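Comments concern the structure below.
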Amino acid sequence: MIEAQLALYGIAHERVPVAHLYSDEAARDAFRRINPAGQVPALVLPDGTLMTESAAITLHLADAARSDALVPAPGAAERPAFLRWLVFLVVQVYAPFAIGDRPEKFVPGAEAAAALAGNVRRLREDMWRVAEAAAGAPWFLGERFSALDVFVCTMTHWTPRRPWFDANAPKLARIAARADALPELAAVWRRNFPNG
């Protein structure tokens, strides 16, 4: 999501690839030198300041670029809806991945971990349905493209994946397909989702 926004703004940046942070303890330890929370995204600003949290980085990049291309400016009619849905996607949909992807970290025993993972999956799908009901067309905010569309495009590559969206959240599926087709993001999507 952040790499796509950097590309759309034309902000020069250096990508630092990391190994799988859940399964590679050495990679996790090395990455904690950049972000003590051990989570991506992490953006180190030119002055060395660490930015984390995708919503915060999204708002910061709009300020740094002095652009309302991805984030409606204060006072814009779409601003309240944008802020609501940005935080909704991060808190209600994105955050549960930390639990659902590693349930064994939160509960003892394989059976309990499987039950927790299933509950988190259902919660995530329910929250996607809430977003689907609110989504506009052709973009989430209607006629206006925004960082929300970048989030939707990225996150629909994650569980429950694109076929689920096609069947259960067709407006979000169409938004993701439109964002997939943006030529200025083609390299970002190829790099991050090589299998489509």
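The values are calculated or read from the model by the stated rules, or taken from the named source; none is laboratory data. Computed from a prediction, not measured in an experiment: that's the story for all the values here. Methodologically, a virtual Cβ is constructed for each residue, glycine included, from the backbone with ideal geometry; neighbour enumeration extends over all protein chains shown. Surface accessibility is based on the protein's heavy atoms, side chains included, excluding ligands, DNA and RNA. Shrake-Rupley method; radii C 1.70, N 1.55, O 1.52, S 1.80 Å.
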Checklist entry - Somewhere in region 150-172, is a residue closer than 29 Å to HIS13 by Cα, open to solvent by less than 20 Å² (accessible area, probe 1.4 Å), hydroxyl-bearing (Ser, Thr, Tyr) and in a helix (DSSP H, G or I)? => result yes
Checklist entry - Conditions: (1) over 29 Å from PHE145 (Cβ atoms); (2) open to solvent by 50 Å² or more (accessible area, probe 1.4 Å); (3) touching a helix residue (DSSP H, G or I) at 6+ places or on another chain (Cβ under 7 Å); (4) assigned to a helix (DSSP H, G or I). HIS20 meets all but one. Number of the miss? => result (4)
Item to check | In region 173-188, the residues that are over 21 Å from MET127 (Cα atoms), part of a helix (DSSP H, G or I) and either without any contact (Cβ under 8 Å) to a residue 12 or more places away in the chain or in contact with a strand residue (DSSP E or B) (Cβ under 8 Å, 6 or more places away or on another chain) (or both) | outcome: ARG178, PRO183, ALA186
Item to check | Residue list for region 123-149, restricted to those being free of Cβ contacts under 8 Å to residues at least 12 places away in the same chain and either among the β-branched types (Val, Ile, Thr) or part of a helix (DSSP H, G or I) (or both) | outcome: ASP126, ALA133
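Of all residues being at positive phi and charged (D, E, K, R) in region 28-72, which is farthest from the chain's Cα centre (by Cα)? Just the residue, please.
Restricting to residues being at positive phi and charged (D, E, K, R), the top hit is ARG66.
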Item to check | Qualifying residue in region 177-190 (condition: touching an Asp or Glu at 6+ places or on another chain (Cβ under 9 Å) and farther than 27 Å from ILE11 by Cβ) | outcome: no
